[in-house]
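What follows is one structure encoded as structure tokens, with my remarks underneath.
Here, each number is a calculation from the coordinates, and none is a lab measurement. In this text, all values refer to a predicted model and were calculated from it rather than measured experimentally. Every residue, glycine as well, gets a Cβ built from its backbone with ideal geometry; the counts of neighbours run over all protein chains shown.
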Amino acid sequence: MPELRIGPQRLQVASGSNLLDELLADDQPVAWSCRSGHCQSCLVQAQPGQAPEAACSELDPEQQAQGWLLACQCQVQQDMDLHLLDPAQDGLPAHISRMEYLTENILLLGLRPERPLRYQAGQHLSLWLDAELARPYSIASLPGEPELQFHLALKAQGQFSQRIQRMNIGERIYLGRANGHCHYQSDWQDRPLLLLGRGTGLSPLQAVARDALKHGHRAAIELWHWHPENGDCYLRAELEELAQAHPQTLRLHLHPQSQLSSDMASLRLASRHTLALVCGHPEFVEQWRKPLFMAGLPRRQVFDEAFVSRQ
């Protein structure tokens, strides 16, 4: 049986077992959220050559060279020497600079990192409150802005939601590395953009739109957002101001979610060169796969970000 060595501790596990499951069963302090390898909150470090390729293929080359792996994607096949992620040691410290309720259930969290953070508008990262509590969130701000911002969808019974609301301005939390492919790219300037979001899926999309306009995007940008029936688009005023400043480029479609089906059926593309970015709950992202394909978009022209997270 393979042996997991965590400092002085020794843990015998079954060959082929899931590393995250084994660590949790042994009450080890390891965070987790999506279990799909997307959020990267279950990072664990092993010695070079001990991690199977599937456990680290989604990480950047620097992380792979350092032995980091995703515990949820790791099948234990051999002895492993592990270092469990310590946010205070391995993360980037940041201080809470703002907590503002955009709606009753959406919190704007502003942070000021202690060191510069490399990221692109629309990417996501994990926020750690301690070694066992982390959640992934998309970045709502742009590189170079003085404050790092996130739009947090609050869940009544959510551990992270409850705890973050009890924290105060100036308190410290820790940041993981920014990752994700839902971001604006420099060679997109002459390609129409179709931005589709629901709920706080608007967070990365508005960042992508602002980043595109900042870089002089020349083709049309269509931003669609579907909001709850008993509410409104939580960024309507900001988006309308942005559209007024760029009337030839940015067009908004801010609709109640009851119009989603009819909007999908009437979808027409500005060009076969259109690029689509879809952000929201997994069911929302999946709903768009067939309509986008039927509208003429090949899979390589669709970028999606599905928010899968435990409470």
- Query: Can you tell which of Leu133, Thr200, Asn168 lies farthest toward the positive end of the dipole of the stretch 131-247, using +1 and -1 charges on the Cβ of basic and acidic side chains (Lys, Arg; Asp, Glu)?
  - Reply: Leu133
- Query: What's the angle, to the nearest 10 degrees (0 to 90), between helix 202-214's Cα axis and the longest principal axis of the chain?
  - Reply: 60 degrees
- Item | Gap separating the Cα centres of the stretch 17-72 and the stretch 258-278, nearest whole Å | 37 Å
- Item | Cα long-axis angle, helix 236-245 against the chain (0 to 90 degrees, to the nearest 10) | 60 degrees
- Note on the structure: Computed, not fitted: 222 nm per-residue ellipticity of the chain from DSSP H runs ≥ 4 (each -39500 (n - 2.57)), nearest 500, equal to -5000 deg cm²/dmol
- Nonlocal amide H pairs with Ile139, under 5 Å, H built at 1.01 Å: Gly122, Gln123, His124, Leu125
- Task: Rounded to whole Å and ordered largest first, report the semi-axes of the equivalent ellipsoid of the stretch 215-280 derived from its Cα gyration tensor (root of 5λ).
- Result: 21, 17, 9
- Message: As an exercise, take the mean of 1/r over every pair of distinct alpha carbons in the stretch 44-124, invert it, and state the Kirkwood radius in angstroms.
- Response: 15.3 Å
- Item | Total charge dipole magnitude, the chain, about the Cα centre, Cβ charges on Lys, Arg, Asp, Glu only, Debye to nearest 20 | 800 debye
- Message: Looking at the calculated P(r) for the chain, what percent of the C-alpha pair distances fall above 36 Å?
- Response: 22 percent
